[in-house]
Each structure stands twice: as structure tokens, then as C-alpha cells.
Amino acid sequence: MIETINSSSQAIALEDKHGAHNYHPLPVVLSRGEGVFLWDVEGKKYYDFLSAYSAVNQGHCHPRIKDALIEQASTLTLTSRAFYNDVLGPFEKYITEYFGFDKVLPMNTGAEGVETALKIARKWGYERKGVDENQAVIVVAENNFHGRTSTIISFSSDNNARKNFGPYTPGFVKIPYDDISALQNALVDRNVVAFLVEPIQGEAGVYTPAEDFIRKSAEVCKAKNVLFIADEIQTGIARTGSLLAVCGNCTCEGHCEKQDTYTKPDMLILGKAISGGFYPVSAVLADNHIMEVIKPGQHGSTFGGNPLGAKVAIAALEVVRDEKLAQNARKLGKIFRERMQILVEKYSILKLVRGKGLLNAVVVNDSPDSSTAWDMCVSLKDNGLLAKPTHGNIIRFAPPLVMTEEQLHDCCDIIEKVVKEFEK
């Protein structure tokens, strides 16, 4: 018999008793969402300032994506890739034209997307670059977050994610983030086949690199015949004020290869908001000379490229373009950072604000080992705004991109109220 939830305490107790303790959520039990708002089981309303780690950029339960899901769910949901289906091809054409690549390999989760890119890069290194088999090296950045699979944690800097999960997968070299000289030194090794990097390190605390870091990284990689792989699972799909973070300061509605600030990666990894929070979808995009190293039977997934996910992803990407969410994120992000900078200058409890578009963070002026940021997030919750700390003393703020300017100012007022309380 399925137990009916009547209170937050009941739901939390059930999870604690029957679920693995692999997360530490804020003490709020959510039961409904719409646009930028969430409601708990007691009916209290909240602003969402996390967006499911940027998976619901289009807002909760967007009606257009919901309708696409219902329509396809009533027709055909899964065939496996043992057969063709009538949605996958149109989705592949749509997404490759949308982002400007020849081919796409669809998967489900973000971590699967990263694993897919790593496999493709290694195979490309052996078959196209001429690296000796089993000698391929992939360069990554310190403090990265690309997922928590066994391979990915092998090159993580997060000891909590790594400890007692070894032995670790070899073939990775870590360099400091936002350090072109370190990248140049690493690429001296001819066995390096790829550089995997986040254009902005979200989980590390929305660490935003120098304006030319992405462009110079791609140039250095190209000079050494090394693949430049952009992990845009969290930063992509309009979150940073452009369709992709690698678009730089591009102000067009999508990516534009004629735009000076656009850096086209050799491989692009997408996930999260590519399906607007309705269904797990991820994708790796690349041009033919890279993607064609993958042959039948060498990589895949029962659910990857299923009709339901494909139809949902098309609708989610249409919403981003038609509702001009990148432009809204760029506009509101500027307002948000200006409001937060005023608080930084006014209250000593805050150290700095940083970010791009509507992916931002405020650094609390306390030790990463302190509970201050967590306590502030609990207070924000009590005042009707949901956010989550990362790396101890950093609070990430990333609302759905459908937020209005009036709603944003309302949220900034809530944040200031809480900051003022903690200043005393």
C-alpha cells in the first residue's frame, strides 16, 4: 500500500527510513510547481532560486512542454534503438541545426553525456590522431563537477565524492581552472586527446573565468590537435544570458558562428534544461570527423533517443527560443548582481557576488566549514525563497529564466531581509 503524505515531517521521515542517505536536502517537502514558484505539502508558496540545478530553466510544468509530453506519451514512449522511430530523426535534425553541429548522440543523464564524450574522445585519439592504444590522456580542470560515476570521480577534486570509491580510472590530468599556461604545458604530451571543461564552474561556486579563457583554451587545443570539450550541462540552454556559455557575450537569439565571442567546441555536452525538467535527456554534439568514430554496438542506451524524450526536448528548446529566455536571463542577471553588490558593500556578512546571466553566487564571509550559508538558506526558505549552499560558504542563486523583473526585485528584497538578520 502506498502511504499518503499529509505533512512534511512524515515525508522526511519516510525518506530517512527507506531511502539511501546520498543527499542532504533542505527541510522542505515540495508537492507542486508552476513557473518560478513551488509549494510544499502544507501549501506554503516559495520562489525557486535553484531551478533543479538549472534543469527547469523554462519554469516548472511549462504548459507547452507538458502538452508535448502528454501527446507523445499517449502514442509511443519507447522502442529501444533496435528499431527506428518517427521522432528521433526529426529531433536529431532539429538539435544539430539549433546548435550548429553535424551529428548528435542522445543519452539520458548528464553524467552519461560526459561518459559518452570521454569515450568518443579516446576513440578519436586512437583512430584519428594516432595515439597508441590505452595511452590516451584527457585534461580536466581542478574543482570540476562533471558527475559522480566511477570514471568521473576519478578526476574529481571533491574528496567526499572520491574517498573509498577507488580504484580510480587512469588517463586524466588535472590543471588549475582558468590557467592557459597550465593548459599549454599539459598539451606538450602528444597523448593528450581532449580538454574537458565547464565554461563556468557551477558546483564549485559559480566560479567565472577570465573573459577570454574559453576562446584561448580552444585555440591552444586546436594548435595541438586536441579536442576541446565544453560541458554545458548546467551553463547551457540560455542560463548564462546566451544560448551557450561558450557564446561569450553574444546577444543574438542563438549561437552565431560569425559572432566574435562565439567559440565552437569540438564536442558539446548538454543535459538538464534540454528537456525542461520533464524527462531525463542529454546529448553530445560533434561534427562528422569526430562522431563517425562511433560504430554500431560501441555505445548506446535502451532509453537514449526514445520518442518521449526526443519530443519533450524539441518542445523545451522551442520554448527557450520563442520566449527569448537567453535575453531575459542576460537582463535580469545584470539587475540581480547590481542588487547583490549593494548588499556586499553594505553588509560585512557577504564577501562578493559573481556569475553570469541568471547563474550567480554570493560568497558568505565565513569559513567554508561553518554552517552560516546553510543557516541562511534555511532562513531564506522560512521567508519564501529556496536556494542551496555549495562548497560550504557559497550560496548559488539560479531562478527559472521565465522570472519577471518585478519577481526578481521581490526575491532580492527577501535576500536582503535575511542578510540583514545575519549581520546582527
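Quick note: the coordinates plus some simple rules give every number you see, no bench work behind them. This structure is a prediction, so every number in the text was calculated from the model and none was measured. Quick reminder, even Gly has a Cβ in these numbers, built from the backbone with ideal geometry, and neighbours come from all protein chains shown.
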Paired Rg and Dmax values of the range 64-322, which use every Cα atom, in angstrom: 17.8, 55
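Across all directions of projection, what mean area in square nanometres is found for the Cα convex hull of the range 348-411?
Details: hull surface 17.7 nm².
Computed as one quarter of the Cα hull surface, the answer is 4.4 nm².
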For the range 228-245, Karplus couplings with θ = phi - 60° (6.51, -1.76, 1.60), whole Hz, Gly/Pro x: 9, 10, 9, 8, 10, 4, 9, 8, x, 6, 6, 4, 9, x, 10, 3, 10, 5
Residues of type lysines that residue 388 reaches as a straight line, Cα spacing below 19 Å, ignoring anything fewer than 8 places off in the same chain: 44, 45, 272, 351, 356, 417, 420
Loop-exposed chymotrypsin sites (Phe, Trp or Tyr not before Pro) per DSSP, neighbour cap 10 Cβ within 10 angstrom, longest uninterrupted part of the chain: 85-424
Rounded to 10°, Cα long-axis angle of helix 88-99 versus longest principal axis of the chain: 80 degrees
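Per DSSP helix of 4 or more residues, -39500 (n - 2.57); summed, then divided by the residues of the chain. What does that give at 222 nm, rounded to the nearest 500? Present the calculation step by step, with values, prior to reporting the outcome.
Values: 14 runs with 151 residues, N = 424.
Calculated at 222 nm, the ellipticity per residue is -10500 deg cm²/dmol.
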Hz values of 3J(HN,Hα) by residue in the range 13-30 - Karplus curve (6.51, -1.76, 1.60), Gly and Pro given as x: 5, 5, 4, 4, 7, 10, x, 5, 8, 9, 9, 10, x, 5, x, 9, 10, 8
Top of 163, 381, 216 by mean-square fluctuation, Gaussian network on the chain, Cα under 10 Å: 163
Karplus (6.51, -1.76, 1.60) ³J(HN,Hα), θ = phi - 60°, over the range 101-117, in Hz, Gly and Pro reported as x: 10, 6, 9, 9, 10, x, 10, 10, 9, x, 4, 5, x, 5, 4, 4, 4
The chain: antiparallel DSSP beta bridges as a percent of all, rounded to 5: 65 percent
Residues with amide H under 5 Å from that of residue 324, placed H, sequence gap 5 or more: none
Exposed-site-free run, longest, the chain (rule: GluC sites (Glu not before Pro); DSSP loop; at most 12 other C-beta within 10 Å): 258-424
For the chain, built as a Gaussian network whose Cα springs stay under 10 Å, the top-fluctuating residue of 361, 82, 121: 82
The chain: angle of helix 372-382 to the longest principal axis, Cα-based, in degrees nearest 10: 60 degrees
Degrees, to the nearest 10: 307-322 long Cα axis against longest axis of the chain: 70 degrees
Amide H within-cut-off set for residue 177, under 5 Å, with H built and near neighbours excluded: 142
